[in-house]
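In what follows, a structure is listed as structure tokens, so that the remarks can point back to it.
The values are calculated or read from the model by the stated rules, or taken from the named source; none is laboratory data. Remember, it's a predicted structure, so these values are computed and weren't measured experimentally. Cβ: placed from backbone, ideal geometry, glycine included. Neighbour counts: every protein chain shown. SASA here: full protein model, heavy atoms, side chains in, ligands and nucleic acids out. Shrake-Rupley method; radii C 1.70, N 1.55, O 1.52, S 1.80 Å.
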Amino acid sequence: MSAGELIGWSAVKLVEHLRRGEVSPLDCLDAVEARIDDVDRAVNALPIRCFERARDHARALMKKPAAERGLLAGLPLPIKDLTYVAGVRSTRGSLIFKDTVAAKSDILVQRIEQAGAVIYAKSNTPEFGAGANTFNDVFGATLNPYDMSKSAAGSSGGAAVALATRMAWLAHGSDNAGSLRTPASFCNIVGLRPTPGRVATGHPLTIDPTLMTQGPMARTVEDIALLLDAMSGDDPRDMISKPREAVGYLERVRAPRRPLRVAWSRDLGLTPVDPQVAAITQKAARRFVEAGVAVEEVCPDFSGTHDSYQALRAHGFAVSQIKNLEAHRDKMKPEVIWNIEEGLKLTATDLVRAEHGRAAVANRVAAFFETYDLLLCPTAIVPPFPIEERYVKSCDGVSFDSYIGWLAMAYAATTAGCPALSLPCGFTSDGLPIGLQIIGPSNGEAKVLMGAKILEDILALNTVAPIDPRPPKAA
């Protein structure tokens, strides 16, 4: 079969053929490499490639019977350039580390390679993953394939664009203030932020980084479930990691149990939202009624979220980046410097208040989910914005006071410790993608995925179909 056919398949379909020996991992690598050669010069999603390493891994895997090659069976995928892959350049989007080659793979990478993943590239990310627009001084900007004058968001922008343009079947992302959800929304793909600890990873500088999680990105909900099955599970090197659930996520979404009662909110009581985004996401959320689901306009009390999240985020930047700031301030972008310095200003009292505020939000949200199965809202408050704008400075007449101010829809779920998924739900009048965020209770990934699968089937957007990068529309 042709490379063009393979890139148009879903990950689940491809894995079925890999397990039957009808397609080989080398066939997949040839197909995706050809697609990258055709497409990536236009969008700059996968600047680091390691096909020689990938083919070595594929050949080693192929020495086993096809049915014994792990859950992913030799499926190729890229890793975000914040996570180490042994023997591969790992820049973190920073001039400080532009020539670094990782000596050892992260726990996450080790796990998915054991599950049969074949890693062939690193996806582009902003410097240290900061700022929801994927550009850096090492590789430049990643462009949105739906309109190459627009941002792909970030920080998992390279991963999202690789999926949208079919340079990947599955991709790894990470998420703090929407780092995989916002690119998913901007690029018409699916992205899931799991509950902290669901996916084990390395924590070199801090033990309990529950604002940041690792998660799957894909074209469909079934593909997301497949990758989450491969990613999840506990590891003694990650003390917050959780055991694998008894029933796999892919099995759950193939026979989804519908939610009985879901909530819809335009803004979570936190932020302005572009009117067109609000209208598109509300229309999509209301379609849940076609599955017999009650949809009510209500939301938890998220008061205190801004102050708590932003203080804890700043503290995290100070912990992780203080040495880089002291030694390489001249090589760091101003938004990162600002976030570190905000963290260094915090007092013990500030941190105590932030932790108390976060606990209060999390407890109120947990109580809310005793009544409602899911909470629906926009993933991002705006459609994809011009690539030259470093971040969104205002929305619907309201200005933001920092580069993270426009991300409250995403960091609300982060603060509450909830799993949250961005599902493609429609397009603006200019043809730009919009995502609906589906939030569930802590440890409720199965609920989120089952609800997302039901709504995905109703919306029928066919996100598997390949697209080619599109030039800007004429003014």
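Here are a few things to note about the model shown:
- Average accessible surface area per residue within the chain, 1.4 Å rolling probe, Å²: 36 Å²
- Among the listed pairs 80/323; 150/473; 64/242; 393/473; 98/331, a Cα-Cα separation exceeding 20 Å is found for 80/323; 64/242; 393/473.
- Shown for the stretch 114-272: the carbon plus sulfur share of the solvent-accessible area, taken with all protein chains present and a 1.4 angstrom probe, equals 51%.
- The solvent-accessible area of residue 338, taken with every protein chain present and a 1.4 Å probe, is close to 90 Å².
- Solvent-accessible area of residue 234, all protein chains in place: 80 Å² (probe radius 1.4 Å, heavy atoms, ligands and nucleic acids excluded).
- Under the criterion of Cα pairs below 8 Å and six or more residues apart, the relative contact order for the chain equals 17 percent.
- Cβ-Cβ distance of residue 98 and residue 291, R₀ of 45 Å, FRET efficiency by 1/(1 + (r/R0)^6): the value works out to about 0.35.
- Amide H contacts of residue 173 (H built 1.01 Å from N, in plane; Pro and chain starts excluded): 215, 217 sit under 5 Å, all sequence-distant by 5 or more or on other chains.
- Computed over the stretch 197-281, relative contact order equals 29 percent, with contacts defined as Cα pairs under 8 Å that lie 6+ residues apart.
- Approximate spin-label separation residue 237-residue 323, in nm, with each point projected 7 Å along Cα-to-Cβ: 1.8 nm
- Rg/Rh (Cα only; Kirkwood hydrodynamic radius) as it applies to the stretch 399-475: 1.05
- Paramagnetic label reach from residue 353 (point 7 Å along Cα→Cβ; backbone nitrogen cut-off under 16 Å): within the stretch 268-292, no residues.
- Accessible surface, 1.4 Å probe, highest first, among residues 329, 20, 219: 20, 329, 219
- Span-rule helices in the chain, defined as complete DSSP H runs reaching 18 Å or more along the axis (Cα) with Kyte mean at least -1.0: 25-43, 305-328, 348-368, 445-459
- All C-alpha to C-alpha distances of the chain, sorted into 10 Å bins beginning at zero, yield P(r) values of 4, 22, 34, 27, 11, 1, 0 percent in whole numbers.
- Highest-first arrangement of 47-54, 156-163, where packing means the average Cβ count within 10 Å: 156-163, 47-54
- Relative contact order of the stretch 113-174, defined on C-alpha pairs under 8 angstrom at six or more residues apart (%): 28 percent
- Hull-based mean projected area of the stretch 354-393, where the convex hull spans the alpha carbons, in square nanometres: 4.6 nm²
- When each of the peptides 98-104, 83-89 is scored by how many other beta carbons lie within 10 Å of its residues on average, the order from highest to lowest is 83-89, 98-104.
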